[in-house]
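Worksheet: one structure, shown below.
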Amino acid sequence: MRLEAQNLTKAYHAHEVVNIKNVTFGSGGLEGLIGPNGAGKSTLMGLLTRRIAPTSGDIQLDVGNGVHKLNPLKSHEVARIGLIKTNQRIQGFDSLTIKDSLRLAATPPKDEGFASLFAKERDSDEIEAKVAQLVEAFPFTDRNGYAMSGGEKKLVDILRCLIAEPKLFLMDEPTAGLPDDITRMVMDMVRQKVANGEMRVVVVEHDLPMIWEYCDYVHFLSEGSILFDGTPEEVKSNRVVAEKYMGV
Ligand SMILES: Nc1ncnc2c1ncn2[C@@H]1O[C@H](COP(=O)(O)OP(=O)(O)OP(=O)(O)O)[C@@H](O)[C@H]1O
Ligand SMILES: [Mg+2]
């Protein structure tokens, strides 16, 4: 598994918000991407998943069946190769029940619509079993109804991604808006899937104790550039990270 970008830049007008010579994700089990507010973490994830067009640079993805060049692809095509991202801010889901949102994300697309992330044929019994398993794993207010709160919408967004069986799963601030116990349930489920070899994960978070606990490897982004990568211990004790982010 390898997601790689070279000479990746993004500028809004004259303001360059991402400028990365080279970065690779997917080689460690569960990777963290940390950095100050406005560092460019969400923009980088948007670039990697082709939701945001780069100003320059190349992106390649290898999920085990050869190298895909992502630059010419649309974000739903990238998703079907297996690179899927959650959202930092949630909108939508008001017109669909929790289970219908998951069914839609799991159903093979009939056309080029964005609703389905899923690549392969699956029969409806298999989808129903998966939907039930995911929804029952979490304490929703009404498992047969609608997401009731911002936290429940956030959780539905994460479960929509998981039901599509990503090979590389990018999570943008999963803990923001979720109660601590639900965050742990999500991260434990994700860690289990990583341990089973079902997927690799990159998680963007400001909750550093969560990063240190769950991540095998951490990338530090500041002012649009990756300044350091290493194990949690190495990142914790890195002087640049401390100065620029941890307020030391
Ligand atoms: N559509 C846009 N137009 C102009 N500037 C943008 C746009 N999107 C992001 N930016 C700017 O790019 C920079 C990086 O933003 P980004 O959201 O990627 O940061 P982040 O690291 O995810 O921050 P946070 O931790 O607060 O989520 C910020 O200065 C932001 O204001
Ligand atoms: Mg962000």
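We did not get these values from a lab; they are worked out from the coordinates using the rules stated. This is a predicted model, so every value here is computed, not measured. All Cβ positions, glycine included, derive from the backbone under ideal geometry; neighbour counts span all protein chains shown.
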Please list, ordered by chain and number, the residues whose modelled amide H lies under 5 Å from the amide H of VAL202; skip anything fewer than 5 residues away on the same chain. GLU31, PHE169, LEU170, MET171
Can you give me the orientation-averaged projected area of the convex hull built on the Cα atoms of the chain, in nm²? 13.4 nm²
Using the Cα centre of the chain as origin and beta-carbon charges of +1 (Lys, Arg) and -1 (Asp, Glu), tell me which of GLN60, MET45, ALA105 is placed farthest towards the positive end of the dipole. GLN60
Does anyone have the angle between helix 124-136 and the longest principal axis of the chain? Alpha-carbon axes, 0 to 90°, nearest 10? 60 degrees
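Could you tell me the convex hull volume per residue, in Å³, taken over the Cα atoms of the stretch 1-113?
Dividing the Cα hull volume of the stretch 1-113 by its residues yields 149 Å³.
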Given a cut-off of 32 Å, name the pairs among LYS153/LYS193; LYS130/LYS236; LYS10/LYS244; LYS167/LYS236; LYS10/LYS130 whose C-alpha atoms lie farther apart than that in the structure shown. LYS130/LYS236; LYS10/LYS130
Quick check: the distance between the Cα centres of the stretch 16-42 and the stretch 206-233, to the nearest angstrom? 9 Å
The chain, dipole about Cα centre (Lys/Arg Cβ +1, Asp/Glu Cβ -1), debye to the nearest 20: 540 debye
Quick one: angle between helix 150-163 and the longest Cα principal axis of the chain, in degrees between 0 and 90, rounded to 10, please. 90 degrees
Normalised by the residues of the chain, what does the relative contact order come to in percent, with Cα pairs under 8 Å and at least six apart? 26 percent
Measure nothing fancy, just the Cα-based angle from helix 180-195's long axis to the longest principal axis of the chain, in degrees from 0 to 90, nearest 10. 90 degrees
Residues other than ILE84 with Cβ under 10 Å of its Cβ, Lys/Arg counted +1 and Asp/Glu -1, net out at +3
Among TYR217, TYR12, TYR146: highest mean-square fluctuation, GNM of the chain, C-alpha pairs under 10 Å: TYR12
Quick check: from the Cα gyration tensor, does the stretch 120-248 come out rounded (a/c under 1.5), prolate or oblate? prolate
